[in-house]
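S.K.: Have a look at the structure that comes next, please.
The values are calculated or read from the model by the stated rules, or taken from the named source; none is laboratory data. Quick caveat: nothing in here was measured; it's all calculated off a predicted structure. Here Cβ is always computed from backbone atoms with ideal geometry, including for glycine, and neighbour counts include all displayed protein chains. Just so you know, the surface numbers come from the protein's heavy atoms only, side chains and all, with ligands and any DNA or RNA stripped out. Shrake-Rupley method; radii C 1.70, N 1.55, O 1.52, S 1.80 Å.
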Amino acid sequence: MSLQTPLGRALGLGSAKSGFSHWWGQRLSAAALLILGLWFAASLIGIGGADHATVAAWIAATPHAILLILLVATLLYHSCLGVTVVIEDYMHDARALVLMLVLVRFAHAALAVAGILSIVKLSLGAQA
């Protein structure tokens with residue numbers, strides 16, 4: 001028999017500090033994706049049916065390149081947060097959990113670098 005109150009027994013059993021930043025990051029990135037996604041969809045409609053040279057010239061415009069980089073970075077950040085939650089919720093083996101979380105972070109980082117590098121190369125006019 002313990003003389004502790006239920007609150008006293010519960011204190012220290014889990015973190016109540018880390019969830020808010022993750023939740024807030026998902027909400028902010030979702031709002032940013034809504035704005036950037038609408039811009040991107042409107043842009044695609046505006047340049048619909050254009051050839052490669054026209055699209056490359058469109059990307060080469062500084063505002064478009066910046067917004068595309070923001071779109072890629074925000075999209076992959078939001079995706080990484082979401083996939084991390086799914087993995088944490090459904091994987092129960094501790095070693096497999098850590099391995100999958102590391103792989104997900106590396107995969108998202110690699111995709112971000114590849115996407116941003118592609119935008120920079122196109123905006124600078126480099127071929128292949």
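S.K.: With assigned to a helix (DSSP H, G or I), free of Cβ contacts under 8 Å to residues at least 40 places away in the same chain and within 24 Å of Ser21 (Cβ to Cβ) as the only criterion, which of Leu101, Leu75 stands out?
M.R.: Numbers: Leu75 fails: free of Cβ contacts under 8 Å to residues at least 40 places away in the same chain.
One residue alone meets the criteria, Leu101.
S.K.: Filtering region 88-128 down to residues that are crowded, with 16+ Cβ neighbours inside 10 Å and farther than 30 Å from Ala56 by Cβ, which residue is farthest from the chain's Cα centre (by Cα)?
M.R.: Met100
S.K.: On to the next question. Taking Leu7 as the residue in question, decide whether it is modelled with pLDDT of 90 or more and not in a loop (DSSP other than H, G, I, E, B).
M.R.: Values: modelled with pLDDT of 90 or more: no; not in a loop (DSSP other than H, G, I, E, B): yes.
Answer is no for this residue.
S.K.: Answer yes if at least one residue in region 52-60 is within 16 Å of Gly115 (Cβ to Cβ) and modelled with pLDDT of 95 or more, and no otherwise.
M.R.: Looking only at region 52-60, we keep the residues that are within 16 Å of Gly115 (Cβ to Cβ), and these are 55-56, 59.
Now narrow it down to the ones that are modelled with pLDDT of 95 or more: none.
Looking through region 52-60, none of the residues is within 16 Å of Gly115 (Cβ to Cβ) and modelled with pLDDT of 95 or more.
S.K.: Out of curiosity, is Val85 among the aliphatic types (A, V, I, L, M) and loosely packed, with under 11 Cβ neighbours inside 10 Å?
M.R.: Against the criterion (among the aliphatic types (A, V, I, L, M) and loosely packed, with under 11 Cβ neighbours inside 10 Å), Val85 does not qualify.
S.K.: Then there is this: Looking only at region 26-51, count every residue that is touching a His at 6+ places or on another chain (Cβ under 8 Å) and farther than 17 Å from Ile116 by Cβ and tell me the total.
M.R.: Going through region 26-51 one residue at a time, the tally reaches 3.
S.K.: A further question on this structure: I'd like the full set of residues that are of a type in the set (S, T, N, Q), in contact (Cβ under 8 Å) with a residue 40 or more places away in the chain and open to solvent by less than 40 Å² (accessible area, probe 1.4 Å), limited to region 27-63.
M.R.: Ser29
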